[in-house]
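Novice: Below you'll find the structure I mean.
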Amino acid sequence: MKEITFINRNQARWGEFEKQLKKPSKINPDTLADQFIQLTDDLAFARTFYPRTHTLAYLNSLSQKAHQEIYRNKREKGSRIPSFFKTELPLVLRSARPYFIISFFVFMASWALGVVSSLTDIEFVRTILGDTYVNMTLDNIEKGDPMAVYGQMGEMPMSFYIIFNNVTVAWQVFLYGFLTPLGAIYRLFFNGVMVGAFQAFFFEKNLLGVSTYAIMIHGTLELSAIVLAGGAGIMLGKFLLFPGTYPRKESFIHGSVVGVKVMIPITIVFFIAGLLEGFVTRHYNTIDNWLNVLIIAGSMLVIVWYFFIYPSIVYSKFKNK
């Protein structure tokens with residue numbers, strides 16, 4: 001839809017809303033909140049299709065005024081959260097897709113480097129994973145339980161530990177985008193090398209199948225989330241390095257807001273992955289094959305659906321509106 005068509009279809013409603021904001025005491029609070037939700041949907045649409053335009057600047061200004069008025073004495077309406085995950089966030093994820101793709105290729109390249117380096121240099125694994133972890137894993141292999149590390153703590157303490165660690169790593173990858181896209185790429189690359197070295201280590205011990213079988217119970221979500229966080233970091237760095245027609249400060253602020261929005265569902269994914277790792281992965285050697293496959297397939301479906309397929313559906317819906 002052309003920008004002029006978008007404006008013509010909605011400018012009467014925007015104008016009426018703007019008039020109402022001048023006399024907020026005469027407006028029903030729930031009605032005002034509903035109109036604000038509509039406005040934020042329009043704002044998300046404009047950010048996707050008409051960036052760096054006067055339309056976007058106008059809607060952003062109007063949204064800020066409405067937000068200040070609505071939430072001065074009233075908590076945010078519960079329906080705002082479903083609207084965010086149903087419409088606004090998918091449009092943001094759709095705009096971030098190119099950065100997700102870049103992140104994926106960076107991760108795969110670093111993973112391959114980790115594999116090759118480990119297979120050609122026997123000391124590389126110890127350099128990357130540390131002597132303590134390697135020696136502990138070798139002891140576990142001798143005992144016949146190579147993945148015993150996942151059962152060394154209670155379910156809940158381990159889940160909390162893993163969630164904290166993984167969320168910290170993901171936000172580090174994202175925040176390194178403050179150092180331009182190269183910062184996020186550096187952190188993402190390091191994580192990919194670690195994963196490659198880890199898998200090469202088990203390959204040399206003829207345990208690649210066992211390790212992959214166990215790790216992917218939680219790793220499908222965990223590794224996907226790391227790649228997505230890398231994309232968010234690259235996007236953040238892009239807004240800082242290439243502000244376009246925006247002032248650099250304004251572009252950076254906009255990129256930071258968009259990046260944090262992208263990190264919200266990624267953080268949720270890490271919570272789910274942490275629970276799977278703490279409660280399910282420890283039973284890798286006793287869990288039924290069909291259940292393992294179901295968890296892995298379901299995890300991949302969630303990632304592909306919400307981060308790629310559903311955003312395209314929402315995008316198409318608004319594009320043809």
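The values are calculated or read from the model by the stated rules, or taken from the named source; none is laboratory data. This structure is a prediction, so every number in the text was calculated from the model and none was measured. Counting neighbours? That spans all protein chains shown, and the Cβs are built from the backbone with ideal geometry, glycine included.
Novice: Count, please, the residues in the range 284-311 that happen to be over 30 Å from Val92 (Cα atoms) and in contact with a helix residue (DSSP H, G or I) (Cβ under 7 Å, 6 or more places away or on another chain).
Specialist: Residues of the range 284-311 over 30 Å from Val92 (Cα atoms): 284-293.
With in contact with a helix residue (DSSP H, G or I) (Cβ under 7 Å, 6 or more places away or on another chain) added as a condition, the list becomes 284, 292.
Count: 2.
Let's see how each residue does on (1) of a type outside the set (Lys, Arg); (2) at pLDDT 95 or above; (3) closer than 23 Å to Met153 by Cβ:
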position: Ile253; (1), (2), (3): yes, no, no
position: Ile264; (1), (2), (3): yes, yes, no
position: Phe271; (1), (2), (3): yes, yes, yes
position: Glu277; (1), (2), (3): yes, no, yes
position: Val280; (1), (2), (3): yes, no, yes
position: Ala297; (1), (2), (3): yes, yes, no
position: Ser312; (1), (2), (3): yes, no, no
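Novice: Search the range 144-156 for residues being touching a residue at least 60 places away in the same chain (Cβ under 8 Å) and assigned to a helix (DSSP H, G or I), and hand back the single one that is farthest from Phe271 (Cα to Cα).
Specialist: Going through the qualifying residues, I end up with Gly151.
Novice: Looking only at residues that are of a type in the set (Ser, Thr, Tyr) and farther than 23 Å from Lys261 by Cβ in the range 1-48, which one is modelled with the highest pLDDT?
Specialist: Thr5
Novice: Now for a separate question. Examine the range 253-264 for a residue that is surrounded by fewer than 18 Cβ atoms within 10 Å (Cβ to Cβ) and either over 26 Å from Pro90 (Cβ atoms) or more than 18 Å from the chain's Cα centre (by Cα) (or both), and state whether such a residue exists.
Specialist: Yes.
Novice: Those residues that are polar (S, T, N, Q), in contact (Cβ under 8 Å) with a residue 12 or more places away in the chain and within 16 Å of Ile215 (Cβ to Cβ), I need them from the range 250-308; list them, please.
Specialist: From the range 250-308, those polar (S, T, N, Q) are 251, 256, 267, 281, 285-286, 289, 292, 299; that's our starting set.
Retained after the next criterion (residues that are in contact (Cβ under 8 Å) with a residue 12 or more places away in the chain): 251, 256, 267, 281, 285, 292, 299.
Within the range 250-308, Thr281, Asn285, Asn292, Ser299 qualify.
Novice: Does Ala197 satisfy being more than 17 Å from the chain's Cα centre (by Cα) and either at pLDDT 95 or above or hydrophobic (A, V, I, L, M, F, W, C) (or both)?
Specialist: Yes.
Novice: When you scan the range 183-204, how many residues do you find that are out of contact with any helix residue (DSSP H, G or I) (no Cβ under 6 Å at 6 or more places or on another chain) and charged (D, E, K, R)?
Specialist: 1
Novice: So Ser83 ticks every box in (1) farther than 18 Å from Ser312 by Cα; (2) at pLDDT 80 or above; (3) among the polar types (S, T, N, Q) but one. Which box is left unticked?
Specialist: (1)
Novice: Give Leu138, Leu175, Leu113 a once-over and let me know the one that is of a type in the set (A, V, I, L, M, F, W, C) and over 30 Å from Gly259 (Cβ atoms).
Specialist: The match here is Leu138.
Novice: Next question, about the same structure. Can you list the helices (runs of 4 or more DSSP H) lying wholly within the range 221-321 that have 3 or more residues being over 30 Å from Thr5 (Cβ atoms)? First the steps, then the outcome.
Specialist: Details: elements: 248-279, 289-304, 310-319.
Per the criteria, 248-279, 289-304.
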